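What follows is one structure encoded as structure tokens, with my remarks underneath.
The values are calculated or read from the model by the stated rules, or taken from the named source; none is laboratory data. None of these values were measured; they are calculated from a predicted model. Cβ atoms come from the backbone with ideal geometry, glycine included; neighbour counts cover every protein chain shown. With ligands, DNA and RNA removed, areas are computed over all heavy atoms of the protein, side chains included. Shrake-Rupley method; radii C 1.70, N 1.55, O 1.52, S 1.80 Å.
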Amino acid sequence: MGFSIQTAIQGAFVVSLILSLGLWQASLKASRISFVRYWSSGIAMVSLRYMAWMLEPVIGHQLSQFLGEIAHSLAMYLIFFGATRLIGIRLSRYSIVLVLAVSGGWLYYTTYVDPDFVWRSTPMYLFAAITLFFSARLFWLLMKKHPGTGYGFACTAAILWGLHKLNYPILRPIPEVAPFGFMAAIAFMTYLSITLLIIGQNRRRSLLDRLARAAAFNANHDLLTELPNRRFMMTSMGRRTYSQTEFHLLLVDLKNLGQLNDSWGREVADRVLINAARRLEQIVPEKTLLSRVGGKQFAIISEASSLSHLMQLVLQAWKTPLVLEGHRINLEIRMGACTFPEEGSDADELYRHASLALADAKNAGIEHRTFGELRSTEVLRRLELKRDLFEAHERGEIYCAYQPQYDLRSMRMIGAEALVRWNHPRFGEISPAIFIPIAEASGAIIKLGEFVIQTVLQDLKNSKLPDSFRVSVNLSPMQFTQENLVGNLLSLIEESNLPARRLELEITESTIFHDVDFVDRMLRDMGRAGIEFAIDDFGTGYSSLSILKALPVHRLKIDRSFIHDMDRSYQDRSIVEMMVYLAHTLQLTIIAEGVENEAQKKLLQDMGCDQMQGFLMSRPVPFSDLEELWSQEGTAAR
């Protein structure tokens, strides 16, 4: 080779090496843009080709030509392979091995067996030209689909480089022309490489933009119905309240969707939800936001002048049954509504008031309720309950019911949980879900908690239940913050002449994290007296394993929300199994509450759960009935 040709080869090697490194660096920034890696590998093969030619004095002419042309054929095919990946054609990677095998066999024969420059180079450069022309065709198709993104330049560069490949077998043997051929090759390669680099960067930017838009959409929309979600709805309400724009908030609940889910499965229920969303979209007026805010609940924010007209539109939409796979599905709906600014001053208050109205409509079995209708009765009722609660236990209205707890291995009763109840002289039995929050908000929970503990100790003292029978009592966060709690509790136990181990105190996860150091000190003070502790509603808070391990807790109680669907939900079943494993790892006893059927019990036994309580075995009963259950169990065992 002459000096000028050698210089051209050296220059081509340096340029191709730099371009391949640039493309490879670009490919590392976006792992999902794999076609850039094939392009960078192709340009790297070009640099290896020139390196093989530069090493001719060391490795010999034949080996230099053999290695160089193999690298050349691979380079062109890798560029084409990357272009197919770019357009979405999934060629097998084994095709690269096939190109290597075929080109290697041909080059070996024309280099070592029957050496001939024309026979060796013509098929190789014809193959290179064809791959570049096909690449150009792919770039041209992409240019038509995405104009102005660099594909046109790539198409031109691939065509020019392909035409150059067709000239090479004729011009390469002419020493005076060959250097200019290398210079042209460098120019076309640089042109194409830079264009490919730009395309890769544009595709990466486009991909990131799509991912950002998808993330923003997913964060603010329900993926099943593609409606705005609760977060988006609350933000929209916040903007409207800030600007003092009058609007109505209407919550729509699909009452019997749960029955459809149980009868026909989740897939049918999901299709019903999607159809419900589309039907609501068709009837809502302008300046209205429709969103899905819960499993079977939608929210409508409307600036329409008439709330009653809006509710009639929604009711009218459900007069016609849904038809799925030939089945007519009649959906019942319940609605709760409120109006800004008359019935709420901010987004949270409005949502809470609409939810209260919806709950009352569901309880009353009526189609709709506004907060204005609810306010005249519900608020007065709550005020009356708050007033009566402070002296309810002195009038004998407060009492304790006991729900038995069972060992899951022997299925024998091992204890019970004391549950407070209120029989109001006017309203009848009041749900703990109603009066406990009132008691906590008003401070009546302190006297209420003392009464429960006194009642439990007195019942145990007068009973014939064995010393191993333990009763658990819930302590509210407000009770737990009392500095004199330990002293008062120990005094009550001492007065009863009962072993402290007969009493177990249940605290919630939120109580622990209120003040970890204070809770730890309180638990250890009471623990030294023999009182044991359980974490109630485990899994609904934010338990730290390190804190659970450090605190003197003896038992974890799985919240009923995880038990309720565990026989139908793989997710809930997996969570419960993980909790059982966690408790045993920490050497704690674990009990499941809310067990209502044999399937749930069987699953818990298979998981190795220690204890259970729930309606399957017994509802909460008076203490006398609890003793009778224990006596019957003992008789049956004998």
The one condition Thr511 fails out of (1) of a type in the set (Ser, Thr, Tyr); (2) touching a helix residue (DSSP H, G or I) at 6+ places or on another chain (Cβ under 6 Å); (3) surrounded by fewer than 18 Cβ atoms within 10 Å (Cβ to Cβ) is (3)
Confirm whether Ile174 is surrounded by fewer than 21 Cβ atoms within 10 Å (Cβ to Cβ), within 20 Å of Ser64 (Cβ to Cβ), among the β-branched types (Val, Ile, Thr) and modelled with pLDDT under 75. yes
Please go through the stretch 306-330 and pick out each residue that is at negative phi, open to solvent by 50 Å² or more (accessible area, probe 1.4 Å) and in a loop (DSSP other than H, G, I, E, B). Lys319, Thr320, Asn330
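Residue by residue, here is whether (1) loosely packed, with under 14 Cβ neighbours inside 10 Å; (2) in contact with a helix residue (DSSP H, G or I) (Cβ under 8 Å, 6 or more places away or on another chain); (3) in contact (Cβ under 8 Å) with a residue 60 or more places away in the chain holds:
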| position | (1), (2), (3) |
| --- | --- |
| Trp53 | no, yes, no |
| Ile70 | no, yes, no |
| Leu91 | yes, yes, no |
| Val102 | yes, no, no |
| Tyr109 | no, no, no |
List the pairs whose first member sits in the stretch 380-399 and is of a type in the set (Val, Ile, Thr), whose second member is part of a strand (DSSP E or B) and surrounded by 16 or more Cβ atoms within 10 Å (Cβ to Cβ), and whose Cβ atoms are under 8 Å apart, counting only residues at least 6 apart or on separate chains? Ile398/Val420; Ile398/Arg421; Ile398/Trp422
Conditions (1) open to solvent by less than 30 Å² (accessible area, probe 1.4 Å); (2) of a type in the set (D, E, K, R); (3) in a helix (DSSP H, G or I): number failed by Glu417: (3)
Restricting attention to the stretch 424-437, the residues that are farther than 22 Å from Pro404 by Cα, open to solvent by 10 Å² or more (accessible area, probe 1.4 Å) and part of a helix (DSSP H, G or I) number exactly 2
Single residue of the stretch 440-477 satisfying the filter (in contact with a strand residue (DSSP E or B) (Cβ under 8 Å, 6 or more places away or on another chain) and assigned to a loop (DSSP other than H, G, I, E, B)) that is nearest to Phe533 (Cα to Cα): Leu475
What are the residues in the stretch 49-99 that are part of a helix (DSSP H, G or I), farther than 18 Å from Phe127 by Cβ and not aliphatic (A, V, I, L, M), if any? Tyr50, Trp53, Glu56, Pro57, His61, Gln62, Ser64, Arg85
Which numbered condition in (1) touching a residue at least 24 places away in the same chain (Cβ under 8 Å); (2) more than 12 Å from Gly449 (Cα to Cα) is the only one that Ser491 fails? (1)
